[in-house]
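Worksheet for the structure shown next.
The values are calculated or read from the model by the stated rules, or taken from the named source; none is laboratory data. Because the structure is predicted, anything quoted here is derived from the model rather than measured. Methodologically, a virtual Cβ is constructed for each residue, glycine included, from the backbone with ideal geometry; neighbour enumeration extends over all protein chains shown.
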Amino acid sequence: MSQDIYTFRVLVDTAEEEDVFRDISIAATDTFESLHLCIQEVFEFDNSQMASFYMSDADWERGQEVALMDVATGSEAIPLMANTPLNKYFNKTQKRALYVFDFLVMWTFFVELVSIDKAADDVTYPVVILEVGESPDQFSKEPEDLFGAMNAVPDGDSEDEDLDDDYNIDEEYY
């Protein structure tokens, strides 16, 4: 019996108006890590940063995370790419995921399962079957303003005025 092959359309979110995507065919039993590495290679990124897949609905809302590494941030274990097969989450009804690479600049890829076929005997998977548009330069994005909200001045005063305030060290702030 021939194994199932998933073909994903992987579209990168860029500032450009031109669509940039790759269609990747990969075994349904391959891991999320295999898909991660394939995306890195076909978009010419260097795989030096953290990444996660987020299973998504029709509106591309983030759902279940599948992480590259265990960061142990909560009590619930997050599935890891290395030991999670694609067919655990992708199927005929669950077809979308967001892939986020480099959490400082937030490269976001829209990953959609576009077909499920049987493996061809003469093809080595994974394989890129379609390339549209030029890959963006991995280092072309600026880091997101992670601290912007922390630097906002809620009372309407300027930041300089807030810095000039005298503070009494003896006051209790507990």
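Numbers at a glance
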| quantity | calculated |
| --- | --- |
| Strands (runs of 3 or more DSSP E) completely within the stretch 88-149 that count 1 or more residues being aromatic (Phe, Trp, Tyr), within 22 Å of Glu61 (Cβ to Cβ) and out of contact with any strand residue (DSSP E or B) (no Cβ under 8 Å at 6 or more places or on another chain) | none |
| Hits in the stretch 8-31 - residues which are assigned to a loop (DSSP other than H, G, I, E, B) and within 16 Å of the chain's Cα centre (by Cα) | Asp13, Thr14, Val20 |
| All positions within the stretch 57-87 that are among the hydrophobic types (A, V, I, L, M, F, W, C) and part of a loop (DSSP other than H, G, I, E, B) | Ala58, Trp60, Leu68, Met69, Val71, Ala72, Ala77, Ile78 |
| Some residue of the stretch 41-52 being in contact with a helix residue (DSSP H, G or I) (Cβ under 9 Å, 6 or more places away or on another chain), free of Cβ contacts under 8 Å to residues at least 12 places away in the same chain and under 14 Å from Asp102 (Cα atoms) | yes |
| Complete set of residues in the stretch 53-79 that are of a type in the set (A, V, I, L, M, F, W, C) and free of Cβ contacts under 8 Å to residues at least 40 places away in the same chain | Ala58, Val66, Ala67, Leu68, Met69, Val71, Ala72, Ala77, Ile78 |
| Test for Ser34: is it of a type in the set (S, T, N, Q) and assigned to a strand (DSSP E or B) | no |
| The lone exception for Ser135 - which of (1) under 22 Å from Thr7 (Cβ atoms); (2) at pLDDT 95 or above; (3) touching an Asp or Glu at 6+ places or on another chain (Cβ under 6 Å) it fails | (2) |
